[in-house]
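The structure appears right after this line, and notes come after that.
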Amino acid sequence: MLDSLATSMHRKPRLRLAALLTAPVLWLVVAYLGALATLLVTAFFTIDSFTGNVVKKFNLENFYDMFTDAAYKNVVLRTLGIAISVTVICSIMAIPMAFYMAKIAKPKSQKLLVALVLTPLWASYLVKIYAWRTMLEPNTGVVDWLLGSLGIHSPGFGGPAIIIGLSYLWLPYMILPIFAGLERLPNNLLDASGDLGAHNFYTFRKIILPLIFPSLVAGSMFTFSLSLGDYITAQILGGKLQMLGSVVYQNFSINLPFAATISMIPVTIMAIYLYLVRRTGALASM
Amino acid sequence: MQKKRLFSRIAVASVAALILAGCSSGSDSASEGGLPDIEMMQELGAGEGQVNVVAWAGYVENGSTDPAVDWVTGFEAETGCKVNVKNGTSSDDMVALMKTGEYDVVSASGDASLRLIYGGDVAPINTNLTPNYADVFENLKMQQWNSVDGVAYGVPHGRGANLLAYRTDIVKPAPTSWGSVFDADSPYKGTITAYDSAIYIADAALYLMATQPELGITYPYALDQAQFDAAIALLEVQKPLIGEYWGDYLKHVASLKSGGSVLGTTWQININLAKGEKTPVEGIKPIEGSTGWSDTWMVSSTAKNPNCAYMWINHIASPEANAGVAEWFGEAPSNAKSCALTADPNHCTTFHAADDAYWEDVYYWNTATEACLDGRTDVKCVPYSEWVKAWSSLRNS
C-alpha cells in the first residue's frame, strides 16, 4: 500500500510538490496575506458614532482624519525617530561586541559570550521592561541615584526611556547577525589590510564595514521593525508619550477601522524600507 | 515562470474570496438608531457549569487578591457555576469585549450601558428571575443609563464618585478643588496624573461648569462645540503638567506609591490598595463635585451560559455579596439591605448610600450623543465618537 503510494508519488512530481506545499501555502495565503488584506479593507470602513458597531460601507473618512490631524503626523515622526535611534544605538553597541566575539575571544569564551547574549531572550519581555521602569523611576530609581553623583537626574519616563528600553530589548537581534557575518570574514583580509599600512579604523571603514553590511541590514530590519510596532514599552516607560502602536492599541477597541488605517502606516514604512534594502543588494547577499 | 504565475493567481483569487466573505457576513449590524429587538429570558433553567464575566477590577473577588475578600467561592460551590472573570480597563474596553460575544455578563458603567443596549449586545433583564432586585434602592432603578422605554436592562450594582487623590506627605496644603490639577503653575508639574480615556473630557467640563459659568455648561456629558472646545483647551493646558495618564489601575497604584504620581483623579479602590501598601495618600470629592459612576450588571444578548449569568447577577445583587463588593471597592452599595451587613457599620453613611444630597453634584458617566442630554434642542452636541477622536488627538500630539 505504502509502496504503491510512494511509486505513484515518484512518477507524478506535480502531485508530490502539491502534497508538500499545500499546508505552507495555505498558511501564507489565508493566515498571513488574508489578515493583511482584511486589515486593508477594514481601513475603509467606519463605525456607528453611537453604538460603536462597525459599518461596512466604503469611505475615506479615516484616511482624511489621519492626514489632516497634525497629531498623527507627530506620532509618525516620533515613532520613526525612536526606531532609527534604537537601530543606530544597537549597531554602535553590537559591532564592537560582535567583533570581539568573532575575532578576538578564544573559542571557549566565544561560546560563553554567545550564550550570554542569548540569555536575556529567555526572560519575559514584560519582566525586563518593568525592571527598567523601576530603575528609571524619577527621584527614587537606581539610575537617578547613579547619575545623581554626577549631578544629573534620571531621564524619567518618556522618549529617552523608551529608546533605552527598546535598545536593551533588541540588542541581541543586532549582535547575532553581525557576529555571523564577521565569522565568515576571513582573517587574512584584515592582516593584508594591516600589512599594506592601513590603520585599524581605515580597515574597519574600507574592509569590515562593506563586508558585514548585509548583516548590519539584517539586524536593522529586526531592531527597526520591532521598534516601529512596539506599544508595550511605550506604555510602561513612555510616561505620557505615545507611539504608533499606542494609537492602534488605544483605538482598536473603540474604533477598529481607524486602528486599521493607522496600522497601514508601519506596514507602508516597512515596505519602503525593504524596497530600499533590496535596492542596495543587501538582501541578495544575505 | 509558468508555475510562479499560476501560484500568484491562486493567491490573489483566494485573498479576493476572503475579502468578499468578510464583507458579506455580518451585514446584520444594521440597527441604525433604533432599538434592537431582543427577547428577555422567561424561565431560569439549570446552570451551565460556568459563567464568563467582564467586570471592573475589584468587582469579582475570589480570595486571590486578599484571602478575606471572597464572594465568588461560595457562589461557585452553591450553583456549580465556575466564574471566569476578565477585568475591563475602561468602558470602551468593556464594550469591545462584549462585542466579541464570548462573555455572558458585564458590569457596565453609564458610558457603556447605552452603547451596549442600542448596539444589541445586551438583552433586557427579567427582574422576576433576580429576586434581589426588589431590595435595590428605588432611585437607582429605571434610570436613563439602565433602562429604555420602561424596560430594565440590568440590575444596579453600586455607585461612587471619581476622587482627587493626593499624597499627604508631598501635596501641602491638601487640595480642595479640581483646580489643582489644571493649574498651569502647579508646583507638582510632572507628577500629576489623569484617567486615560475620552470620558475624562467630562472632568474638564465639570471644572469649567463651576469656574466659567459664561460657557453655560449644565451637564458635563452634553457639550456643544464651543463648550467642548473649551474643555479640550483646558486639557491642553493640563497636558504639560501630567507625568503619566493612567489606564491600568495597578500601575497607577504603583505610581502613587513611588511618588511618580502625587496628585490626580482616581477611584476609591486605588486609594484603599495604596494605603494597604502603606502609601500616605488620601482621596476627596472636591468642591466642584465630581464625575462618577453608577454601574449595572447586564446579560449579553448572545450569552452561552444565560442561566449561570442570571444566577451570578442575583448573587452579586444579594445583600451579602453587594456589601462585600461595596466595602472592598469603596463605593455605595445598591442593595438597601447591604448596609446592615458591612464589616464597618458606618460604611453606608461614609459612602452616602442613601444620602441623596451627596449625589447631587456627582455626574455619573454617560454616553454623549448628538441630541443634547441636558434637553437643549437649539444646538447639536458633540457625540462620544468625536470625544474619542479628540482624546486620541490630544494624547498623540
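Structure above, values below:
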quantity	calculated
B:Gly260 vs. criteria outside any loop (DSSP other than H, G, I, E, B) and either under 27 Å from B:Gly154 (Cβ atoms) or touching a Ser or Thr at 6+ places or on another chain (Cβ under 8 Å) (or both)	no
Residue selected from the range A:53-84 under the condition at the interface with chain B (Cβ under 10 Å from one of its Cβ atoms) and aliphatic (A, V, I, L, M), by the criterion surrounded by the fewest Cβ atoms within 10 Å (Cβ to Cβ)	A:Ala70
Qualifying position, being away from chain B (no Cβ under 11 Å) and of a type outside the set (A, V, I, L, M), among A:Asn255, A:Asn187	A:Asn187
Restricting the range A:211-243 to residues that are part of a helix (DSSP H, G or I) and facing another protein chain (nearest Cβ under 9 Å), the residue that is farthest from B:Ala112 (Cα to Cα)	A:Ile236
Matching option when the condition is in the same structural domain as B:Thr65 (by TED's automatic domain parsing), aliphatic (A, V, I, L, M) and modelled with pLDDT under 90, among B:Ala323, B:Ala336, B:Ala303	B:Ala336
Tally of residues being away from every other protein chain (no Cβ under 11 Å) and either farther than 18 Å from A:Gly238 by Cα or in contact with a strand residue (DSSP E or B) (Cβ under 7 Å, 6 or more places away or on another chain) (or both) across the range A:143-158	8
Selection within the range B:82-97 - in a strand (DSSP E or B), in contact with a helix residue (DSSP H, G or I) (Cβ under 8 Å, 6 or more places away or on another chain) and among the hydrophobic types (A, V, I, L, M, F, W, C)	B:Val83
Any hit, the range A:100-108, residues being surrounded by 18 or more Cβ atoms within 10 Å (Cβ to Cβ) and closer than 26 Å to A:Leu185 by Cβ	yes
Odd one out for B:Gly101, checked against (1) assigned to a helix (DSSP H, G or I); (2) within 13 Å of another protein chain (Cβ to nearest Cβ); (3) of a type outside the set (A, V, I, L, M, F, W, C)	(1)
Test: residue in the range B:309-331 that is more than 14 Å from chain A (Cβ to nearest Cβ), in contact with an Asp or Glu (Cβ under 8 Å, 6 or more places away or on another chain), of a type in the set (Asp, Glu) and touching a residue at least 24 places away in the same chain (Cβ under 8 Å)	no
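Conditions (1) more than 20 Å from B:Ser177 (Cα to Cα); (2) outside the structural domain of B:Ala390 (by TED's automatic domain parsing); (3) among the aromatic types (Phe, Trp, Tyr), marked per residue:
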{"site": "B:Pro220", "(1), (2), (3)": "no, no, no"}
{"site": "B:Val237", "(1), (2), (3)": "no, no, no"}
{"site": "B:Ile242", "(1), (2), (3)": "no, no, no"}
{"site": "B:Asp248", "(1), (2), (3)": "yes, no, no"}
{"site": "B:Val253", "(1), (2), (3)": "yes, no, no"}
{"site": "B:Ala274", "(1), (2), (3)": "yes, yes, no"}
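The values are calculated or read from the model by the stated rules, or taken from the named source; none is laboratory data. The shown structure was predicted, so the numbers you read here are calculated from the model rather than taken from an experiment. Cβ atoms come from the backbone with ideal geometry, glycine included; neighbour counts cover every protein chain shown.
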